[in-house]
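The values are calculated or read from the model by the stated rules, or taken from the named source; none is laboratory data. Predicted, not measured: the structure shown is a model, and the values here were computed from it. Using ideal geometry, Cβ is built from the backbone for each residue, glycine included, and neighbour counts are taken over all protein chains shown. Ligands, DNA and RNA are excluded from the accessible area calculation, which covers all protein heavy atoms including side chains. Shrake-Rupley method; radii C 1.70, N 1.55, O 1.52, S 1.80 Å.
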Amino acid sequence: MIVVDSNQAELPNFDKMWNYGDPSATRAKFLEVLPKAEKSGNTEYLAELLTQIARTYSLTGKFDEAHATLDRADKLISDTMQLARVRYLLERGRTFNSSNQIDTARQLFFEAANLAMQYHIDLHAVDAIHMVAIAQPDPKDQIEWNLKGIAMAEPNEKLHGWLWALYNNIGESYLKLRDFSNAYQYFHKLAQYQTKRVGKADMYTEKDEAKCLRLLGKPADALALMQPYYSKFAEAKTPDGYISCEYAEDLEALGRHGEAKPIFSEALQLLERDDWFINNDKEQLERLKHFSSH
């Protein structure tokens, strides 16, 4: 999206300015563009830019600032600005979702998905569908919505970027249901997609593959996936808690208890300081504690 304002000055494509790993730096870039957008007279561009500034606030936990920015965007959006409205609904929903107001968020994601599909705004329709899935409390509903997103994204090359999140999320949902076969299928598809797209599979995707293989009764295959990663980190003396955890589980499943115990302890030391792990995988945390001491 490069737009020319009344003074013939280019308004940049702010979507290409995103660095999701550093939302604060992204916000600084957006704020540099904001005065030019305000002077341009292009209300739709300004409204869309404001939704993305709001997202940078949401990603950094500044929810009041995010909502205030979205309030400003909302006042600018007319009935003919379908894309701006979809972006607004998505970011309002994400702000509520990130602040644990899930029911409110889910309704906004529904609205965004329906509007985007109505106006064939496919890229944002898939985004909204994947957010609906995230906001579902029941893994079965998560799977249903992820399958809708996958059905849209797989045949459309322009939407293939969404397959990374969709394959990962549906794999996690199948894991919650202890459907290890389907979970493995989607993590494996994700590994293949990553290899095609960036030249190699992500190590955490292969860690998820290994977990599924182990739970399917194939711990030797799981260990074979984890061995190169664990050896690399051990040699560099920079262990990764998630890799160590799965590697220890694979050894334990093979009956190699003596080898597994110190690696369980290593994983515990790393992951008991990991807020995400502590809050989201309490069962695994208890397993680490048990096998570290037995």
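Quantify, in whole percent, the carbon and sulfur part of the accessible surface of region 57-123 (1.4 Å probe; protein heavy atoms only). Whole-percent figure for carbon plus sulfur exposure: 48.
Under 20 Å from a point 7 Å along the Cα-to-Cβ line of residue 144: which residues of region 77-106 have their amide N that close? Once the point is set 7 Å along Cα→Cβ of residue 144, 102-106 turn out to lie under 20 Å by backbone N, inside region 77-106.
Counting 0.36 nm for each residue step from residue 102 to residue 176 and taking away their Cα separation leaves a gain of 24.7 nm. Amide H contacts of residue 11 (H built 1.01 Å from N, in plane; Pro and chain starts excluded): 3, 4, 5 sit under 5 Å, all sequence-distant by 5 or more or on other chains. Label separation (residue 281 vs residue 235): 2.5 nm, computed from points 7 Å beyond Cα along the C-beta direction.
Here residue 196 is the anchor, and the lysines within straight C-alpha reach of less than 20 Å, apart from those fewer than 8 places off in the same chain, are 158, 207. In this structure, the pairs whose alpha-carbon distance is over 23 Å, taken from 211/289; 211/261; 16/189; 16/39; 16/176, are 16/189; 16/176.
For region 196-247, the fraction of alpha-carbon pairs lying more than 16 Å apart is 39 percent, rounded to a whole number. Solvent exposure of the chain amounts to 51 Å² per residue of accessible area, where only protein heavy atoms count and the probe is 1.4 Å. Take the Cβ atoms of residue 114 and residue 294, set R0 to 35 Å, and the FRET efficiency comes out at 0.10. Between 276, 145, 162, the GNM of the chain built on Cα springs shorter than 10 angstrom shows 276 fluctuating the most. For residue 140, a cut-off of 15 angstrom between C-alpha atoms picks up these aspartates and glutamates, skipping any fewer than 8 places away in its own chain: 172, 179.
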